[in-house]
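What follows is a set of notes on a single structure, which appears directly below.
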Amino acid sequence: MTRTKAFNETDALERAMDLFWMKGYHGTSMQDLVDAMGISRSSMYSTFGDKHAIFLAAFQHYKRGQQHAFDFLQESSGFTAALASFFNMLLRDIVTDEEKKGCFIVNSSTEMAWQDNAVKAIIQENYDEFESHFLPFFEKAISRGEVRDTNDPRAMTRFLYVNMVGLRAVSRATDDITFLRDAAKTALNALIS
């Protein structure tokens with residue numbers, strides 16, 4: 001007879017994600033995971049695998065939870081309004097991040113991507129998803145004449161991505177929201193000119 005699991009896998013994975021988000025991969029021990037997930041070590045290994053497998057599952061879980069981040073592109077009425085909405089949403093997330101956790105993807109990228117091909121692949125998937133939304137957005141803006149047709153939509157997408165990642169990374173090291181707003185405003189102005 002098979003034993004029924006006495007825990008919710010999604011809840012346990014959510015707790016593991018929060019732990020990795022706060023402490024990073026290298027700062028998180030297996031005992032930390034057992035304690036945070038609220039499950040036995042044997043249940044953790046049989047359900048999720050080793051620390052690396054748990055980290056990758058938590059990373060994918062985070063990524064799935066971010067799918068709503070592109071909804072504003074359909075809701076905004078124009079190019080400038082949509083980009084302003086994007087930067088406002090980003091700054092709002094930064095300001096409300098009281099624990100200074102930053103972005104799980106950005107944190108994982110700086111800690112792990114250079115040494116872990118599985119993490120690098122997830123980060124590339126994340127960029128590809130970002131590009132799949134923003135490249136057509138910029139192409140449409142150029143075709144409508146909202147942006148000069150001399151602009152390269154792929155370069156604009158990459159510029160926006162790098163600025164988003166940069167803002168998220170720097171936000172962990174500063175309490176100066178004016179600094180971040182100035183950077184976001186400058187990036188917005190560069191994209192709409």
Notebook entry, point to check: Do we find a residue being at pLDDT 90 or above, part of a helix (DSSP H, G or I), exposed (fewer than 13 other Cβ atoms within 10 Å of the Cβ) and aliphatic (A, V, I, L, M) anywhere in the range 75-82?
Noted result: yes
Item checked: Residue count, the range 158-193 (criterion: under 22 Å from D97 (Cα atoms), surrounded by fewer than 18 Cβ atoms within 10 Å (Cβ to Cβ) and of a type in the set (S, T, Y)) -> 3
Check: So which helices (runs of 4 or more DSSP H) stay within the range 23-66 end to end and still have 1 or more residues that are without any contact (Cβ under 8 Å) to a residue 24 or more places away in the chain and of a type in the set (K, R)?
Finding: 41-48, 51-65
Checklist line | A155 being small (G, A, S) and surrounded by 15 or more Cβ atoms within 10 Å (Cβ to Cβ) | finding: no
Next item on the list: Among the residues of the range 141-157, count how many are touching a residue at least 12 places away in the same chain (Cβ under 8 Å) and assigned to a helix (DSSP H, G or I).
Entry: 5
Next item on the list: Please tell me if N126 is free of Cβ contacts under 8 Å to residues at least 40 places away in the same chain and either in a helix (DSSP H, G or I) or of a type in the set (A, V, I, L, M, F, W, C) (or both).
Entry: no
Next item on the list: Check whether at least one residue in the range 39-47 is modelled with pLDDT under 95, more than 30 Å from F137 (Cβ to Cβ) and within 19 Å of the chain's Cα centre (by Cα), and report yes or no.
Entry: no
Note to self: I'd like to know if the range 91-107 contains one or more residues that are closer than 30 Å to S143 by Cα, assigned by TED's automatic domain parsing to the domain that holds S143 and assigned to a helix (DSSP H, G or I).
What the structure shows: yes
Note to self: Consider the range 127-171. How many of its residues are more than 19 Å from the chain's Cα centre (by Cα) and polar (S, T, N, Q)?
What the structure shows: 3
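The values are calculated or read from the model by the stated rules, or taken from the named source; none is laboratory data. Because the structure is a prediction, the values reported are computed rather than measured. A quick note on method: Cβ atoms are made from the backbone with ideal geometry, for glycine too, and the neighbour counts reach across all protein chains shown.
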